[in-house]
Amino acid sequence: PVRAPAEIGRKGPRDRPRPRRYRFQCAGWRSREEYLDSQYSDEISWWSDLGLVEKLQTKNGLFMYFRRHRECLDKYLPRVKLFEYAEGKDNHK
């Protein structure tokens, strides 16, 4: 069972959430923490030179592949949700 977030928020257009959060949410996960608590936790592939997620598995078991460059356009930044958990802020890079 995944811990429930203590707080959910969104940053404004001037604050840029990290691209990893966008990629996890595109794949159907709340956050990296929720993904790591799932049965697919060993399936994260990273672009080693950029530190961005390359491949994730969705909740229904399909794979989702991402490009090397940033995919979240500025106009969609306010849609990215930021989850904070009871122990402190979500510290996923």
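The values are calculated or read from the model by the stated rules, or taken from the named source; none is laboratory data. All figures in this text were calculated on a predicted structure; none of them were measured in a lab. Please note: Cβ atoms are built from the backbone with ideal geometry, for glycine as well, and neighbour counts cover all protein chains shown. When the accessible area is computed, the model is the full protein with side chains, heavy atoms only, and any ligands, DNA or RNA have been set aside. Shrake-Rupley method; radii C 1.70, N 1.55, O 1.52, S 1.80 Å.
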### Message
Looking at region 50-71, can you tell me whether even one residue there is touching a residue at least 60 places away in the same chain (Cβ under 8 Å) and not in a loop (DSSP other than H, G, I, E, B)?
### Response
no
Subset of region 19-48, residues modelled with pLDDT under 85, surrounded by fewer than 17 Cβ atoms within 10 Å (Cβ to Cβ) and of a type in the set (D, E, K, R), comes to ASP42, GLU43
If we ask which residues in region 24-47 are outside any loop (DSSP other than H, G, I, E, B) and at positive phi, their number turns out to be 0
Report task. Confirm whether ARG79 is touching a residue at least 12 places away in the same chain (Cβ under 8 Å), basic (Lys, Arg) and either in contact with a helix residue (DSSP H, G or I) (Cβ under 6 Å, 6 or more places away or on another chain) or open to solvent by less than 90 Å² (accessible area, probe 1.4 Å) (or both). Result -> no
